[in-house]
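The next block holds one structure in the form of structure tokens; read it before the comments.
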Amino acid sequence: MEMDWYVVARRRGSCHQETEAKPEEATGRRSRLRLAIVIFAVVLAGLAVAGYAWAKKEIVLVVDGKKVAVQTFQMNVGGLLEQERVELGPKDLVVPGEDAPLREGMQVKIIRALPVAVEVDGETRQLLTQAKTVAELLKEERIRLGKEDIVSPALDSKLAEAGTVKIIRVSREVQEKEVPVPFVVEKKYTASLLKGQTKVLASGKNGLAVERWEVIRHDGIEKERRLVERQVVQQPVDRVVAVGILQSVSRGGEELRFSRVMEMRATGYTTIVPGRNTASGIPPRRGVAAVDPQVIPFGARLYVDGYGHALAADKGSAVKGNEIDLFFPTRAEAVAWGVRYVKVYVLE
């Protein structure tokens, strides 16, 4: 210090002689220097303590609904999750985000994605979602709905209660087809025909109609079909049948009243075993006829053109439907009769 003072004095051109510093001044300087060093050390220590306190934070971590208070020196949310070994699924949500800085007392929440199944278009999709309702889920997965598609449960249902979301695709189609229009049978009663006789005057012909059907399908399976329009393009032609009402006929000068008349296939038979009775129990004789009881009941009185009066009193395994077998006393007469078609009158 003395050397420095001397040099300064020489530069200023001082003519005074160099003097020595007082001892008490040198001691004061050293005391002040030591005090400054102590103050600096105290300030530095305070800053270190304050920095430590500033870097250490207590955070509330919420995972799966459980709150846990944790202490950390990490600077952001991502560092905290790494510190606490919290693993995130592909659609788990962190609030605030992983890049958000940590602050004392803040809350970091982990919202786990909800697993849900969606049945749509013939397949079942297993999904993870943060959606709260069915509608939000479909929007998130970009599943578009048709105007009439059926969603179960409803779009405003909460996913936590939904379990499986099912979508039924509804489609409508209009089909055209041609169908016959049946003709009507018109009956014309006439006394020119015997009762039970008919004659076709006009054969009749079916018409034609075009029908339009709306077909409703659920996932491609037909659920409903309804007729929306029917147009007759060809009118039917009615069938006209003449029906006889005449109930009496004259045969051999005798007026016969009958309930019905039938055109039947008539054959002749005779007895092979003498003494054998008919199916009704009476002995066979001329005037006995074998019939099908389903067509002519036993005991009915008949008149057979070309044969005469007869009684339905016998039956045979070969006599079925509109067939009648007439008894003749001899084989020659039966053979002579042969097979012919005749009118058979069921008399009143």
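The values are calculated or read from the model by the stated rules, or taken from the named source; none is laboratory data. What you are looking at is a predicted structure, and each value in this text was computed from that prediction instead of being measured. For neighbour counting, all protein chains shown are included, and Cβ atoms are generated from backbone atoms with ideal geometry for every residue, glycine included.
A compact table of results
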quantity: Subset tally (residues that are at pLDDT 95 or above and either in a loop (DSSP other than H, G, I, E, B) or surrounded by fewer than 11 Cβ atoms within 10 Å (Cβ to Cβ) (or both)) for the range 188-212; calculated: 1
quantity: Members of the range 113-123 that are surrounded by fewer than 16 Cβ atoms within 10 Å (Cβ to Cβ) and not in a strand (DSSP E or B); calculated: Asp121, Gly122
quantity: In the range 298-348, residue nearest to Arg276 (Cα to Cα) [restricted to those that are assigned to a loop (DSSP other than H, G, I, E, B) and hydrophobic (A, V, I, L, M, F, W, C)]; calculated: Phe328
quantity: Residues located in the range 233-256, provided they are exposed (fewer than 12 other Cβ atoms within 10 Å of the Cβ) and either among the β-branched types (Val, Ile, Thr) or part of a strand (DSSP E or B) (or both); calculated: Val233, Ser250, Glu254, Glu255
quantity: Candidates Leu137, Leu145, Leu102, Leu159, filtered to the one that is under 30 Å from Gly79 (Cα atoms) and in contact (Cβ under 8 Å) with a residue 12 or more places away in the chain; calculated: Leu102
quantity: Residue that is modelled with the lowest pLDDT, among those in the range 102-112 that are surrounded by 11 or more Cβ atoms within 10 Å (Cβ to Cβ) and of a type outside the set (A, V, I, L, M); calculated: Arg112
quantity: Flag if Glu84 is free of Cβ contacts under 8 Å to residues at least 24 places away in the same chain, more than 19 Å from Thr164 (Cβ to Cβ) and surrounded by 15 or more Cβ atoms within 10 Å (Cβ to Cβ); calculated: yes
quantity: Residues of the range 242-256 that turn out to be out of contact with any Gly (no Cβ under 9 Å at 6 or more places or on another chain) and either more than 14 Å from Ala191 (Cβ to Cβ) or free of Cβ contacts under 8 Å to residues at least 24 places away in the same chain (or both), as a count; calculated: 6
quantity: Gln126 vs. criteria over 30 Å from Ala209 (Cα atoms), surrounded by fewer than 16 Cβ atoms within 10 Å (Cβ to Cβ) and either within 27 Å of the chain's Cα centre (by Cα) or among the small types (Gly, Ala, Ser) (or both); calculated: yes
quantity: Test for Lys57: is it touching a residue at least 24 places away in the same chain (Cβ under 8 Å), under 21 Å from Leu128 (Cβ atoms) and of a type in the set (D, E, K, R); calculated: no
quantity: Number of the condition not met by Leu302 [criteria: (1) surrounded by fewer than 16 Cβ atoms within 10 Å (Cβ to Cβ); (2) under 26 Å from Leu194 (Cβ atoms); (3) among the aliphatic types (A, V, I, L, M)]; calculated: (1)
quantity: Any chance Val151 is surrounded by 11 or more Cβ atoms within 10 Å (Cβ to Cβ) and of a type in the set (A, V, I, L, M); calculated: yes
quantity: Test: Val233 is under 30 Å from Thr190 (Cβ atoms), modelled with pLDDT of 85 or more and β-branched (Val, Ile, Thr); calculated: no
quantity: Neighbours by Cβ (under 6 Å, 6+ apart or cross-chain): first from the range 281-295, assigned to a loop (DSSP other than H, G, I, E, B); second hydroxyl-bearing (Ser, Thr, Tyr); calculated: Pro284/Thr271; Pro284/Thr278
quantity: Qualifying residue in the range 263-271 (condition: touching a residue at least 40 places away in the same chain (Cβ under 8 Å), under 30 Å from Lys199 (Cβ atoms) and hydrophobic (A, V, I, L, M, F, W, C)); calculated: yes
quantity: Glu176, sole failed condition from (1) part of a loop (DSSP other than H, G, I, E, B); (2) surrounded by fewer than 15 Cβ atoms within 10 Å (Cβ to Cβ); calculated: (1)
